[in-house]
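Below: the structure, in structure tokens.
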Amino acid sequence: MLFNYLKIGIRSLLKNKTFSLINILGLATSMSVCIVIIMLVADQLSYDRHNTKRENIYRILTERDDSNDFVNLFATSPMPIADKITKDYSGVKSVTRILRGFGNSWIGIGDDLNIPIGGFFVDHNFISMFEYELEFGNPITALVEPNSVVLTKEAAEKLYDYENPVGEMIKVGEAGEYKVTGVLKRNNNKSHIKFEALASISTVKNLEADSTRSPALETWRRSTAGWVYIELNEGTNPADINKNLAQIGHEVYDDMEDIGYRFQLQNISDITPGPLLGNTIGPGLPNIFVYFLVGLAMIIMLSACFNYTNLTIARSLTRAKEIGIRKVSGAYKYQIFTQFISEAVIISVFALIISLLLLVILEPAFHQLNFASMLQWDLNASPMVYAVCLVFSVFVGLIAGIFPAILLSSFEPIKVLNSLSGIKLFSKLGMRKALLVLQFTMSLIFIISTSLVYKQLNYMVDADYGFNKSDMIKVQLNDTDYRIFKAELSKHTSIENIALASHIPAAGSTYGTGVKVNPQDEEVDFSYFAVDEGYIENLQLKLVAGRNFKNTVTKEQANQIIVNEKTAETFELGNAQDAIGQILLIDDTVQVEIIGVVADYNHQTMMQDIAPMALRYLPEEYSHVQIRYGQGKRDAAISDIKSSWEIVNPGKKMDYKDFDVAVSEFYDLIFGDLVSIVGLFSFIAIMVACLGLLGMATFTTETRLKEVSIRKVLGADEKHIIMLLSKSFMILLSIAILIAVPASYLLNGLWLDAIAYRVDLSFGTIGLSTLIILVLGALTIGSQTFKAATINPADTLKME
């Protein structure tokens with residue numbers, strides 16, 4: 001019986017090649033996007049699943065009290081919590097700490113080109129907790145002694161041209177020299193912790209003692225330096241440990257007026273995909289991004305299913321007699337239903353095959369996204385993924401075919417065999433037209449959204465930040481003596497000004513601290529940049545009151561700050577001149593004097609309003625040099641900068657980029673990917689909608705060929721006929737536009753309202769997007785109506 005259904009289904013597809021092709025192409029295009037997302041989610045779900053102890057391994061998360069930040073939950077924790085949870089409470093079998101700052105970071109932003117590896121400082125039991133195996137070295141003792149390091153197999157091959165490097169020494173920037181004590185075995189297991197090397201955390205005490213690193217191991221006030229993982233005893237209820245963590249939060253922070261943290265557990269299986277967290281340790285996909293992609297894919301998939309439903313219902317009259325004869329011959333309703341469901345599944349499976357071919361084009365484009373590169377997504381499919389895709393395609397076939405199957409299997413034999421003209425499936429504004437309107441409504445919303453995201457990206461990149469970002473080069477210091485490098489740079493005539501700083505303004509990161517005027521006041525979040533005396537001139541900031549820093553490194557200068565006008569307003573210090581000489585209290589302990597006030601500028605991203613900030617003279621926190629060159633002298637300046645670097649750092653690579661490029665990287669990372677993703681979905685949505693419109697227009701014109709021929713015989717011209725056949729479809733497009741424009745305004749307003757400096761949904765954006773829809777719709781409809789209008793009436797009426 002099933003074989004007969006399949007045979008009849010394939011015959012029906014071959015008989016109606018045009019409609020079958022439209023359905024298959026629409027489903028295949030939409031399905032290819034869904035399969036990419038299935039692969040992406042499958043990749044993320046494979047992380048840490050290899051660990052046999054994963055049900056008992058948890059990470060301690062930190063939540064800030066009374067914070068209104070967008071992200072208030074952090075993956076990092078204060079390091080002392082590791083000892084406290086094991087010594088003062090029961091239920092924890094083991095604990096391991098992971099401390100950032102050993103070599104380069106996984107994310108690849110701000111890395112030192114001259115440090116060959118990246119990784120973490122870890123406790124000696126890290127290897128056993130996360131079930132790594134050593135190819136060389138002793139896993140029990142490899143990370144016990146200070147200045148010992150374990151390398152991954154890949155890192156060992158990158159650094160050495162022989163198999164066993166145990167005993168070799170390696171220098172890792174300011175962290176010093178380390179002895180290789182082990183090499184991890186190569187494996188294909190996926191972990192949310194990405195590293196090339198693991199150094200013994202016992203080294204950190206020495207680095208903190210000589211001020212190479214800021215204190216982190218013993219302070220409860222610092223929660224961002226590292227991560228704490230615990231393994232629970234068998235049978236221990238995580239809820240009991242959460243109660244203990246809550247108790248620790250109260251014990252430690254209830255007496256601290258300026259700071260408050262609370263802690264909770266997160267199982268390692270829930271890290272990726274997982275909640276949106278700050279200070280993640282490695283690449284991971286937040287749930288919110290999964291929901292976003294799945295939502296877009298489902299919209300596209302449903303649009304393709306609408307096409308199938310529309311065209312199948314439109315063609316139903318041509319198969320009504322077939323259904324009537326089969327029922328008279330003894331076929332049951334469920335058999336007719338199964339027949340049409342089988343046809344839908346066959347089309348969906350054919351679409352799956354084509355969609356897998358389309359992945360050859362789509363997957364590389366997906367890998368080029370900034371997020372995909374940064375988060376190291378792997379979209380290689382496993383047999384299980386292909387099995388899921390097959391199940392998904394069958395499910396799509398069922399969804400697409402169930403409504404037509406119910407409708408067609410309900411035909412009554414007497415009616416369909418007596419008079420086909422008496423069968424009315426839908427009213428004038430029936431389901432088919434409603435689905436078509438919905439498709440083009442979604443397509444127009446996508447197009448308008450893509451235009452808005454693109455405009456927002458350009459607006460943020462080209463905006464006036466309040467400082468001059470052109471004609472500058474940014475060079476990472478990377479363990480370079482800034483005084484010597486600055487002296488060498490100043491010898492060149494192509495270079496006009498030199499400044500040192502800790503961060504790039506308006507690029508998404510600053511140092512942060514809490515500030516108050518009086519000890520009894522409530523702290524206000526405060527951003528600051530470590531800069532030198534050349535910073536204000538280099539960025540061409542306006543000093544509205546007071547003075548700049550002097551070119552001297554003194555204790556007095558370290559306790560002086562230059563603030564923006566917003567600071568004077570927030571702390572009610574009067575006007576800019578009144579603020580000069582006033583004292584602010586940083587972290588309840590450090591008194592700083594305001595010596596200058598600069599005009600407000602966008603030191604944070606354009607997504608935020610201008611907030612209080614300060615410039616501080618802290619040479620130990622400089623990370624890069626900002627070099628302004630003469631207009632039109634970029635090539636000469638780069639050559640001079642390289643020659644100066646060679647003198648100061650012979651044999652070292654220089655990490656540099658244009659300053660304006662460094663500023664725009666943040667916006668390109670966020671909005672550039674959105675433009676690509678939403679743009680892709682817009683293209684697919686409009687293509688699927690046009691395929692559906694093409695199918696409907698083709699069927700409509702075919703069913704009205706006799707009418708068209710008679711009208712031509714009676715004297716109707718081609719223009720009149722084209723207008724007659726196109727009018728109903730253009731009305732549907734107009735209805736879609738009337739629905740999509742206000743819907744776009746409301747939906748895009750949700751994310752635009754969260755951005756301080758934003759574009760508006762202008763008439764130009766609406767007009768251009770609407771024109772695109774109308775032109776594509778007119779071309780799609782016109783391709784069929786023109787064909788019908790130019791037929792020879794004799795060819796159609798000769799058999800009448």
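Could you count how many residues in the stretch 221-255 are outside any helix (DSSP H, G or I) and either open to solvent by less than 50 Å² (accessible area, probe 1.4 Å) or touching a Phe, Trp or Tyr at 6+ places or on another chain (Cβ under 6 Å) (or both)?
Result for the stretch 221-255: 10.
Quick check: anything in the stretch 225-238 among the small types (Gly, Ala, Ser) and in contact with an Asp or Glu (Cβ under 9 Å, 6 or more places away or on another chain)?
No, every residue in the stretch 225-238 fails to be among the small types (Gly, Ala, Ser) and in contact with an Asp or Glu (Cβ under 9 Å, 6 or more places away or on another chain).
Taking the condition at negative phi, open to solvent by 60 Å² or more (accessible area, probe 1.4 Å) and out of contact with any Pro (no Cβ under 8 Å at 6 or more places or on another chain), does residue 747 pass?
The answer is yes for residue 747.
Which of the residues spanning the stretch 723-779 are in a helix (DSSP H, G or I), within 30 Å of residue 461 (Cα to Cα) and aliphatic (A, V, I, L, M)?
740, 741, 743, 746, 747, 750, 752, 766, 768, 771, 772, 773
From 765, 780, 770, 790, grab the single residue that is among the polar types (S, T, N, Q), open to solvent by less than 50 Å² (accessible area, probe 1.4 Å) and at pLDDT below 80.
Matching residue, one of 765, 780, 770, 790: 780.
Of all the helices (runs of 4 or more DSSP H) wholly in the stretch 544-659, which have at least 1 residues that are buried (at least 20 other Cβ atoms within 10 Å of the Cβ), under 37 Å from the mean Cα position of the chain (by Cα) and among the polar types (S, T, N, Q)?
The helices (runs of 4 or more DSSP H) meeting that bar are 565-570.
For the stretch 274-386, give me every one of the helices (runs of 4 or more DSSP H) that falls completely inside it and has 1 or more residues that are at pLDDT 75 or above and touching a Gly at 6+ places or on another chain (Cβ under 9 Å).
Fully inside the stretch 274-386 and qualifying: 287-314, 333-367.
When residues of the stretch 481-521 are filtered for being part of a loop (DSSP other than H, G, I, E, B), in contact with a helix residue (DSSP H, G or I) (Cβ under 6 Å, 6 or more places away or on another chain) and closer than 20 Å to residue 621 by Cα, how many remain?
Number satisfying all stated conditions: 5.
Can you pull out every residue in the stretch 510-526 that is closer than 19 Å to residue 582 by Cα and surrounded by fewer than 20 Cβ atoms within 10 Å (Cβ to Cβ)?
Listed by number, the residues that qualify are 513, 514, 516, 517, 518, 519, 520, 521, 522, 523, 524, 525.
Quick check: anything in the stretch 409-417 modelled with pLDDT of 70 or more and assigned to a helix (DSSP H, G or I)?
Checked the stretch 409-417: no residue is modelled with pLDDT of 70 or more and assigned to a helix (DSSP H, G or I).
Pairs, please: C-beta under 9 Å, at least 6 apart or cross-chain, first residue within 7 Å of residue 494 (Cβ to Cβ) and in the stretch 626-638, second open to solvent by 80 Å² or more (accessible area, probe 1.4 Å) and in a loop (DSSP other than H, G, I, E, B)?
630/493; 633/493; 636/493
What is the residue count in the stretch 138-183 for residues that are open to solvent by 20 Å² or more (accessible area, probe 1.4 Å) and in a strand (DSSP E or B)?
5
Go through (1) more than 16 Å from residue 266 (Cα to Cα); (2) of a type in the set (A, V, I, L, M); (3) part of a strand (DSSP E or B) one by one and return the number of the condition residue 41 breaks.
(3)
When residues of the stretch 54-96 are filtered for being modelled with pLDDT under 90, outside any helix (DSSP H, G or I) and among the charged types (D, E, K, R), how many remain?
Total satisfying the criteria: 6.
Determine whether residue 48 is open to solvent by less than 30 Å² (accessible area, probe 1.4 Å), in contact with a His (Cβ under 7 Å, 6 or more places away or on another chain) and under 30 Å from residue 198 (Cα atoms).
Taking the combined requirement at face value, the residue satisfies it.
Scan the stretch 120-137 for residues that are open to solvent by 60 Å² or more (accessible area, probe 1.4 Å) and closer than 19 Å to residue 95 by Cβ and jot them down.
Those that are open to solvent by 60 Å² or more (accessible area, probe 1.4 Å) and closer than 19 Å to residue 95 by Cβ: 124, 128, 131.
In the stretch 245-273, what residues are of a type in the set (Gly, Ala, Ser) and modelled with pLDDT under 80?
Across the stretch 245-273, the qualifying residue is only 260.
Taking only pairs six or more apart or across chains, which ones have beta-carbon atoms under 6 Å, a first residue in the stretch 714-727 that is open to solvent by 50 Å² or more (accessible area, probe 1.4 Å), and a second residue that is of a type outside the set (Asp, Glu) and part of a helix (DSSP H, G or I)?
Going by the 6 Å Cβ cut-off, the qualifying pairs are 718/789.
The values are calculated or read from the model by the stated rules, or taken from the named source; none is laboratory data. Here the structure is a predicted model, which is why all the values come from computation and not from measurement. For neighbour counting, all protein chains shown are included, and Cβ atoms are generated from backbone atoms with ideal geometry for every residue, glycine included. Side chains are part of the model used for accessible areas, which takes the heavy atoms of the whole protein and leaves out ligands, DNA and RNA. Shrake-Rupley method; radii C 1.70, N 1.55, O 1.52, S 1.80 Å.
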